[in-house]
Amino acid sequence: MLHLMTEPYRGSNMKRIMSIKNLGVNDIPIAGGKAANLGELTSAGFDVPPGFVLTTESYDYYLKQNDLSKVISKALATVDVSSDASLQEVSGTIRKAFEEGDMPKDLEATVLDEYKKLGKGHYPLVAVRSSATAEDLPTASFAGQQDTYLNVSEPKSLLISIKKCWASLFTPRAIAYRVSKDFDHEKVKLAVVVQRMINSDISGIMFTIDPNSELPHIIIEAGYGLGEALVGGKVTPDTYVVDKFHRKLLNRRISNQTWKLVRGGSGECMRVDIPTDLAKKQKLDDEQILDLAEVGNQIEMHYGRPMDIEWAMEGGEMFIVQARPVTTLSNGKGNGKEAKEEALEASRTVLIKGLGASPGKACGQVRIYAEGMSLDVVKQGDVLVTQMTTPDMVPAMTRAVAIVTDEGGMTCHAAIVARELGIPCIVGATNATEVLKTGMDVSVHGQMGVVYEGLEKQEEKPSMVAAVATAVATPVTATKIMVNVGVPHKAEEYAQLPVQGVGLMRIEFLFTSYIQEHPCSLIEQGREEELVDKLAQGISMVAKAFYPRPIILRTSDFKTNEYRDMKGGAKYEPKEQNPMIGWRGCSRYVSDSYRDAFIAELKAVKKARDEMGLKNVWVMLPFVRTVEEVQRIERMMNDVGLYRGNDFKLYLMAEVPVIIFMAEEFAEVCDGFSIGSNDLTQLTMGADRDSDILGRMGYFDERYPAIKRAIAHLIKHAHEKGVPVGICGQAPSVYPEFCEFLVRSGIDSISLNADTVVSTIRHVAAAEQRMILESIRKK
């Protein structure tokens, strides 16, 4: 959302009184945090009660006319913040001087003129609120430190309330708070907001992030009457929890509110009992809750940070009466934590350095794993160290707190699985299996690619959802954003992300975790039904979590060496010199020796869709080489009862360059393409994706012009046939410029590893916004 800020503060030339609608967040120095934020919200199109602000110029003018600076300095020089009596005495002296001062006549006339304009010719009921210049900042909340006066109804009361607001800058707790936060008293000034009074039927507070768990939930509190009773903690409100990404009410706690604050006949707030039949009722209906949550989402997106919002409802109309950044979240900046960690790491012994492939920190005992060993040697909490991981090692990898390998690059198996699991991983460390010994205590820093000697004190590890929860609400994008899923037990967690579905579910993880035996061996033993049931179970775990959003299941894409390593695999697999471009993907499915195993996968899909009712399961074929093999595979699908249609799509992985060159022909036999940028780069550049040497030399790079040209070519010709194109490689999340290239080329969807979803959405939204602005300028 674009917003042109008001002119910045320029000193004494600034008006002493300004309309709220003419303020923005840049005006905190003269309007204070509350007023500046109200102006920002008004300019952004949110419903804010109208009003005006006495700026800090008015505050300075009042101080000068009454010579109050000397009174303040003299009193504060004697204060002892550890003594309540001292605070009370100093506060009383200063506040009395403020309240007994004379309002300058020219300022008084201007205030009363604006007051009458607000009522369109008469003096309306208004709320008079304090707005400090250090209030509602991202790193410090002065909420509640200064006073508010409600139901002010005539000129004399307004002028008295303004002076009391200025005086409230020096309440005992305000003085003590500024000392605790190391704010200079003289630099904190007070503006005063005068707003039309909202006689609220229902009011409350909304946090756009759960301030306790930091989960991506919107927390709404609602109570009858004026909000001061709720804000002051005098009544227990209803509490509603909303999933900020999926417009879903997750939880509600209904309170028994027996009384409320309302406007009395004399203008004072009065306490009124609530009828018994209303006291226990839900204060907002479900649709109102979701609509309010959406407003909160929009406010968070506008500010780019989690927000604490006060709202009020009058006659069915919702108003925002205050918004400030949430200041209680964890923050490593400014507290010396990062500096301390860096100093600690600099003093520790570095055992191994490699390529940081998955972020995070973890510590534990080293467990060296070599080929031929039992996976059971890897225990829960171990640091798995091996030459290179293979798909059959996934069960052990799920028990590890970190993974370190001698070989591999950013797209190797270890890196991909570690990112799926949300654990740190270092690859390409060359001699990790030689330097590190089983039983050693080590700490792994995934982002830096370093293994340290000894155990570092660990904080509780957050889940993936908690890791993204501190991110702000995500913008809506025309490009669909999806997530990659490998490990089924992560599905429920990943389903909380702001995605439109699963762009890549790898069935290989089901074989290595659930099956753990070569499929042909199971079939020969008469255990085909067991194979189908276990695959269907794993598929359904993911499909249920995301339902009704689609999940695109990629059928098996093991290489022959990986199949041989499975239990019973040696009997069915040849030895190939280069399995990466050997008997894999579709070529296996149409082979007589593997056909039955592939049919079992299709039966599992059929079972999940028909018997379990999960019609959101689609299929994607890997390593496609010819149109003819796709046609043969579709006939196999038909044989088991799977037919392409509105609720069942057949996608093709676009990773072998033949699909690029024959895009129009392949578009005739599928419902969509998904670019596998890793294999496409490997096969186009002739660079082994697992080679850390070539990776370090820069040969394996999706940004190379030939790769981008191939992708743009596929998108263009697929779209001419009405076929969508997505991508499920990691390049968009690693390289923002590559992400923008995809958006400009017209990519329909981007599927990402869970830990990169929120950041990449921002890159996509920014690219789309730039395209919109460029098109406007050309007109």
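Quick notes on this one:
- Taken together, Ala357, Ala362, Ala370 contain a single residue that is under 14 Å from Ala396 (Cα atoms), at pLDDT 70 or above and of a type outside the set (S, T, N, Q), which is Ala370.
- Residue in the range 708-726 that is touching a Pro at 6+ places or on another chain (Cβ under 8 Å), in a loop (DSSP other than H, G, I, E, B) and closer than 19 Å to Glu768 by Cα present: no
- Among the residues making up the range 748-779, those that are closer than 16 Å to Leu504 by Cα and open to solvent by less than 30 Å² (accessible area, probe 1.4 Å) are Ser749, Ile750, Ser751, Leu752, Asn753, Ala754, Thr756, Val757.
- Taken over the range 38-58, the residue count meeting the criterion of being open to solvent by 10 Å² or more (accessible area, probe 1.4 Å) and over 29 Å from Gly296 (Cβ atoms) is 1.
- Within the range 644-670, residues that are in contact (Cβ under 8 Å) with a residue 60 or more places away in the chain sit with their Cβ atoms under 9 Å from residues that are part of a strand (DSSP E or B) and aromatic (Phe, Trp, Tyr), at 6+ positions apart or across chains, in these pairs: Lys649/Trp618; Tyr651/Trp618; Tyr651/Phe673; Met653/Phe673; Ala654/Phe673.
- All positions within the range 599-631 that are open to solvent by 20 Å² or more (accessible area, probe 1.4 Å), under 33 Å from the mean Cα position of the chain (by Cα) and under 21 Å from Gly676 (Cα atoms): Trp618
- Helices (runs of 4 or more DSSP H) wholly inside the range 659-706 that include at least 2 residues being at pLDDT 85 or above, β-branched (Val, Ile, Thr) and farther than 22 Å from Cys739 by Cα: none
- Checking each residue in the range 21-61 for being in a helix (DSSP H, G or I), within 18 Å of Asp308 (Cβ to Cβ) and not polar (S, T, N, Q) picks out Val25, Ile28, Gly32, Gly33, Lys34, Ala35, Ala36, Leu38, Gly39, Glu40, Leu41.
- Of all the listed residues (Gly645, Gly672), the sole one being within 28 Å of Phe546 (Cα to Cα) and open to solvent by 10 Å² or more (accessible area, probe 1.4 Å) is Gly645.
- If you filter the range 579-594 down to residues that are open to solvent by less than 20 Å² (accessible area, probe 1.4 Å) and of a type in the set (Phe, Trp, Tyr), you find that the one that is nearest to Gln682 (Cα to Cα) is Tyr589.
- Residue tally, condition not in a helix (DSSP H, G or I) and not charged (D, E, K, R), over the range 62-116: 9
- Selection of the range 548-578 for residues being open to solvent by less than 30 Å² (accessible area, probe 1.4 Å), among the hydrophobic types (A, V, I, L, M, F, W, C) and either closer than 13 Å to Phe511 by Cα or touching a Lys or Arg at 6+ places or on another chain (Cβ under 9 Å) (or both) yields Ile552, Leu553, Phe558, Met566.
For (1) at pLDDT below 95; (2) of a type in the set (Phe, Trp, Tyr), each residue gets a yes or a no:
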| residue | (1), (2) |
| --- | --- |
| Phe546 | yes, yes |
| Lys575 | yes, no |
| Asn578 | yes, no |
| Gly582 | yes, no |
| Leu602 | no, no |
| Val605 | no, no |
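- Among the residues making up the range 389-444, those that are in a loop (DSSP other than H, G, I, E, B) and modelled with pLDDT under 85 are Thr390, Thr398, Glu407, Gly408, Gly409, Met410, Thr411, Cys412, Gly422, Gly428, Thr430.
- Residue count for the range 508-522 under the criterion of being of a type in the set (A, V, I, L, M) and open to solvent by less than 10 Å² (accessible area, probe 1.4 Å): the result is 2.
- In summary, strands (runs of 3 or more DSSP E) completely within the range 202-292 and bearing 1 or more residues that are open to solvent by less than 30 Å² (accessible area, probe 1.4 Å) and at pLDDT 85 or above occur at 202-207, 217-224, 238-243, 259-263.
- Residue ID - modelled with the lowest pLDDT, chosen from residues in the range 464-505 that are part of a loop (DSSP other than H, G, I, E, B) and open to solvent by 50 Å² or more (accessible area, probe 1.4 Å): Thr470
- Count - residues of the range 60-88 that are of a type in the set (Asp, Glu) and either closer than 30 Å to Leu107 by Cβ or surrounded by 15 or more Cβ atoms within 10 Å (Cβ to Cβ) (or both): 2
The values are calculated or read from the model by the stated rules, or taken from the named source; none is laboratory data. No experiment lies behind these values; they were computed from the predicted model shown. Backbone-built Cβ (ideal geometry, glycine too); neighbour counts: all protein chains shown. Just so you know, the surface numbers come from the protein's heavy atoms only, side chains and all, with ligands and any DNA or RNA stripped out. Shrake-Rupley method; radii C 1.70, N 1.55, O 1.52, S 1.80 Å.
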